[in-house]
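Student: Have a look at the structure that comes next, please.
The values are calculated or read from the model by the stated rules, or taken from the named source; none is laboratory data. From a predicted model like this one, the values you see are computed outputs, not experimental measurements. Positions of Cβ are backbone-derived with ideal geometry, glycine not excepted, and every protein chain shown enters the neighbour counts. These accessible areas exclude ligands, DNA and RNA; they are computed on the full protein's heavy atoms, side chains included. Shrake-Rupley method; radii C 1.70, N 1.55, O 1.52, S 1.80 Å.
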Amino acid sequence: MNASKYKPFEGAPIVGRQWPSKRITKAPIWCSVDLRDGNQALIDPMGIETKLKFFDLLVKIGFKEIEICFPSASDTEFDFCRRLIEENHIPSDVTIQVLCQAREHLIRRTMEAIKGAPSVIFHIYNSTSPAQRKYTFGKTKDEIVQIAVEGVRCIKECMKSLSEDERKRIRLEYSPESFSMTEIDYAIEICDAVGREWGISPERKIIYNLPSTVECYTPNVYADRIEYFASKVANRESVIISTHCHNDRGTGVASCELGLLAGADRVEGCLFGNGERTGNLDIVTVALNMFSEGVDPELDFSDLPSVADAYQEYTKMDIPPRTPYAGGLAYTALSGGHQDAIAKGLAARASMPADAVWDVPYILIDPHDIGRQYEGIIRINSQSGKGGASFILEHNYGYSIPKAMQPAVGNLIKAESDKAQRELKGEEILSFFEEKWIRNRARFEIVDIASTQLDANSESGSAEHVSCRGVIRVDGENVAFGGRGNGPLDSFVSAVSGVVFPVFNITAFHEHSLGQGSGAGAVAYVQIETGSGEKFWGVGKSSNVGRAGIEAVVSAMNQLG
C-alpha cells in the first residue's frame with residue numbers, strides 16, 4: 001500500500017495542555033442534527049409527516065436544541081419548517097436550528113422560513129480548509145473571511161424589519177466548515193471576524209461550531225485544537241464552543257469526549273451515529289457513557305428499545321447488532337467465562353438494594369435502566385462455557401442446576417451446538433437437557449411404585465420406616481423389586497442397588513420446587529457412583545416430592561448406556 005501519498009495533519013501549538021487530567025462531570029448542551037445532517041445522509045430522505053414524528057421523538061428524549069432543516073434547499077425543507085411553526089409543534093423550552101450557507105439569496109429564503117418561530121438558532125457556515133479554498137472557491141484566506149462576514153451582515157440586514165422581540169429570538173451559530181482540516185489560527189481569525197460583525201457579549205453569546213467535518217487525526221489532536229481555540233478566541237465568556245464530530249476514523253465518540261474535556265460546551269450529533277459516509281457522532285453512546293460514570297446526561301434513554309425502533313422506522317436504517325447499548329447483541333455473552341461471571345454477578349445482585357453500585361462483570365450498565373432485559377444476556381454456541389446453558393435453564397425454565405453438574409450440562413449443549421454449527425435457542429437447550437435427563441428411558445423405566453410408612457415400633461430398634469415396592473422395566477423386561485429404608489429414596493436405593501441396578505451409592509443430592517402455588521412440582525438432581533468408580537448425574541421431575549428423587553436415580557442409571 002502506497003502510504004507515501006498521505007501525510008499526518010498538524011496539531012495545535014499547545015503548551016501545557018490541561019484536558020488530559022479533567023473529567024466530564026456534567027451534561028453538555030445537546031443539539032440533535034438528525035432531521036438535517038442525518039436526513040441528508042439517507043438513501044430515501046424522510047417526508048414531512050415522518051420528520052414531524054421524529055421531531056416529537058427528539059423532544060420527548062429531552063433535546064432542547066434541534067437542527068430541523070436546510071430551509072432554502074428545497075420546498076420540502078421549507079414547508080417542514082413552516083409547519084413546525086404554524087402548527088405549534090415547538091415547545092416553549094425548545095429552540096429550533098436552521099442551516100444556511102453564507103450566501104445572500106439562501107439567507108433571505110431562510111429568514112422567510114423561520115418567521116414567527118419562538119426561538120431560533122441561525123446556523124451559517126462556509127468552508128475554510130486549504131483544499132476548499134483551493135479547489136472549491138479559488139479564493140484567498142481574506143476572501144473566505146469576507147464571505148463569512150458578509151453572510152452575517154446579510155442576516156443582520158434581514159433582521160432590521162423584525163420587531164425587537166423577534167430579533168431577540170434569533171441566535172447565531174457559525175461553523176468554519178472543515179475545521180478539522182483548517183489551520184487552527186486561521187479558524188480562530190475567521191471566527192473572531194464573525195463575532196465582531198455579529199456583536200457578541202455575555203448576554204448575546206455566539207455559538208462557534210468546530211466540526212471534524214472529516215475526521216482526519218487521532219482524538220487527542222482534536223482535543224488539543226479545541227483547547228487551543230478556547231484559549232485564543234476573543235471574548236471567550238461570550239462564546240459557546242460546539243463540537244460536531246464525524247466518524248471517518250471510527251473515533252467520533254472519543255473525539256467528542258476529549259473535546260468536552262478540552263473545554264467544549266455543546267455537542268451536535270445524531271441518534272445511533274447516522275450521517276454522511278461513516279456517520280456523525282452517536283449521541284446515544286456519548287450520553288450513556290456519561291450515565292455509566294454517574295453523570296446525568298439530561299437525555300431520557302430509559303426506554304432505549306422504543307427509541308431504536310422509532311429511529312429504524314423513520315430512517316429505514318438498521319442498528320448494527322454490536323452497537324453500544326442499543327445493539328441486539330449488546331447484552332449477549334457467548335464466551336463461557338463471560339457467561340459464568342455474568343450469572344454469578346446477577347445472582348449476587350438479587351439480594352442487594354436496588355440502588356447498590358452496579359458492578360456485574362462484563363456489563364457496563366444495568367440493562368433495566370435503559371429498558372433492556374436480562375433474557376438475552378447469555379446465548380449458547382459451541383464456544384460457550386459450563387455456566388451459560390445452566391443460566392438459561394434456570395432463568396428461563398426454572399431448573400437450578402447444581403454447580404457440580406454444570407460441566408456435564410455445558411458439555412452436552414456445546415456438543416449439540418457444534419453439531420448444528422450455530423447458536424442454540426433457549427427452547428432447544430431445554431429440549432436437549434430434558435431429552436438426556438428427564439425423558440431418557442434407554443434401559444430403565446419405572447412401571448409402578450408404591451411406598452408404605454411403617455410403624456416405627458413394629459420392629460424393635462429398626463430405623464427403616466418406609467417400605468418400597470414396585471415394577472421396573474429393564475431392557476424391555478418387567479422386574480419386580482422391594483426394600484426398606486429411612487425414606488422413600490433410601491428404601492428405593494435399598495431395593496434396586498445390586499438387584500435391578502449395578503451396585504451404586506448416591507454421592508450428591510439436590511432438590512428444589514418448580515413453579516409456585518399448590519401446583520408446584522419438584523426437581524431432584526442426584527449423582528451416583530458405581531462400584532467401578534464411575535459417576536453419573538440424573539434429574540427427576542415429579543409433582544410428588546419423594547418421587548422426584550427416585551426418578552433422578554433412574555435418570556442417572558440411564559446414563560450408563
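Student: With the Cα gyration tensor of segment 493-561 giving a ≥ b ≥ c as the square roots of its eigenvalues, does the rule (a/c under 1.5 for rounded; else a/b larger than b/c for prolate; else oblate) give rounded, prolate or oblate?
Tutor: prolate
Student: Taking a threshold of 20 Å on the Cα-Cα distance, which of the pairs K22/K205; K344/K541; K115/K168 fall above it?
Tutor: From the list (K22/K205; K344/K541; K115/K168), the Cα-Cα distance tops 20 Å for K22/K205; K344/K541.
Student: In the chain, if the dipole is taken from +1 on Lys/Arg beta carbons and -1 on Asp/Glu beta carbons about the Cα centre, which of L58, L430, S163 is farthest to the positive end?
Tutor: S163
Student: Here's another thing I want to ask about it. Answer rounded, prolate or oblate for segment 312-436, using the Cα gyration tensor with square roots of eigenvalues a ≥ b ≥ c: rounded when a/c is under 1.5, else prolate when a/b is larger than b/c, else oblate.
Tutor: Here segment 312-436 falls in the oblate category.
Student: State to the nearest 20 debye the size of the charge dipole of segment 252-402 about its Cα centre, where the only charges are +1 on K and R beta carbons and -1 on D and E beta carbons.
Tutor: So the dipole magnitude of segment 252-402 works out to roughly 720 debye.
Student: List, in order, the whole-Hz ³J(HN,Hα) value for each residue of segment 234-249 obtained from phi through the Karplus relation with A = 6.51, B = -1.76, C = 1.60 and θ = phi - 60°; use x for Gly and Pro.
Tutor: 3J(HN,Hα) across segment 234-249, in whole Hz: 6, 6, 4, 5, 10, 10, 9, 8, 10, 9, 8, 9, 9, 10, 4, 9.
Student: Which residue, chosen from A415, S231, A12, occupies the Cα position most advanced towards the positive end of the dipole of the chain, where the dipole is computed from +1 (Lys, Arg) and -1 (Asp, Glu) charges on Cβ about the Cα centre?
Tutor: Selected residue: A12.
Student: Please give the charge dipole size of the chain, origin at the Cα centre, charges +1 on K and R Cβ atoms and -1 on D and E Cβ atoms. Round to the nearest 20 debye.
Tutor: 940 debye
Student: Residues of segment 108-147 with backbone nitrogen within less than 19 Å of a virtual label 7 Å along the Cα-to-Cβ line of R196, please, listed as ranges.
Tutor: Answer for this model: 126, 140-147.
Student: Once the piece of chain linking R236 and T76 is laid out straight, how much longer is it, given 0.36 nm per residue of separation minus the C-alpha distance between them?
Tutor: 53.8 nm
Student: Residue separation times 0.36 nm, minus the C-alpha to C-alpha distance between E276 and V471: what's the value?
Tutor: 62.7 nm
Student: Set the Förster distance to 22 Å, then compute FRET efficiency between M159 and K139 from the Cβ-Cβ distance, nearest 0.05.
Tutor: 0.25
Student: Quickly estimate the mean residue ellipticity at 222 nm for the chain, helices only: each DSSP H run with n ≥ 4 gives -39500 (n - 2.57), and the total goes over all residues, rounded to 500.
Tutor: That calculation yields -11000 deg cm²/dmol at 222 nm.
Student: Can you tell me the 0 to 90 degree angle between the C-alpha axis of helix 304-315 and the longest principal axis of the chain, rounded to 10?
Tutor: Orientation of helix 304-315: about 50 degrees from the principal axis.
Student: How many Å² of accessible area per residue for segment 82-152, probe 1.4 Å?
Tutor: 47 Å²
Student: If each of E427 and L42 carries a label point 7 Å out from its Cα toward its Cβ, how far apart are those two points in nm?
Tutor: It works out to 3.5 nm between the two label points.
Student: Quick one: pull the percentage of alpha-carbon pairs in the chain with a separation above 45 Å.
Tutor: Of the Cα pairs, 40 percent sit more than 45 Å apart.
Student: Want the number for I29 to S4: 0.36 nm per residue separation, take away the alpha-carbon distance, what's left?
Tutor: Residue separation times 0.36 nm, minus the Cα-Cα distance, leaves 4.9 nm.
Student: At what distance in nm do the modelled label points of Q312 and R439 sit from each other, each positioned 7 Å from its Cα along Cα→Cβ?
Tutor: Label-label distance for Q312 and R439, simple model: 3.2 nm.
Student: Measure nothing but the geometry: give the 0 to 90° angle between the long axis through the Cα atoms of 104-113 and the longest principal axis through the Cα atoms of the chain, rounded to 10°.
Tutor: 60 degrees
Student: While we're here: Return one whole number: the accessible area per residue of segment 421-560 in Å², for a 1.4 Å probe.
Tutor: That works out to 51 Å² per residue.
Student: Only sites in a loop by DSSP and with at most 12 other Cβ atoms within 10 Å count here; which trypsin sites (Lys or Arg not before Pro) in segment 215-306 make the cut?
Tutor: Those satisfying the criteria are R277.
Student: Another question about this same structure. Given a 1.4 angstrom probe, I'd like the percentage of the accessible area of the chain that is carbon and sulfur, rounded to a whole number.
Tutor: 48 percent
Student: Further, regarding this structure: Quick one: dipole size for segment 402-561, taken about the Cα centre, charges +1 on Lys/Arg Cβ and -1 on Asp/Glu Cβ, in debye to the nearest 20.
Tutor: Charge dipole of segment 402-561: 280 debye, to the nearest 20.
Student: Here's a follow-up. Using the heavy atoms of the protein chains alone and a 1.4 angstrom probe, what is the accessible area of segment 214-320 per residue in square angstrom?
Tutor: Per residue, segment 214-320 has 35 Å² of solvent-accessible surface.
Student: Another one. Using Cα atoms only, what is the angle between the long axis of helix 426-437 and the major principal axis of the chain, expressed in degrees (0 to 90) to the nearest 10?
Tutor: Between helix and principal axis, roughly 20 degrees.
Student: How many angstrom separate the Cα center of segment 7-43 from the Cα center of segment 176-221?
Tutor: The distance from the Cα centre of segment 7-43 to that of segment 176-221 comes to 12 Å.
Student: With each label point set 7 Å from Cα along the Cα-Cβ vector, what nm distance links L364 and E86?
Tutor: Placing both labels 7 Å beyond Cα along the Cβ direction yields 4.4 nm.
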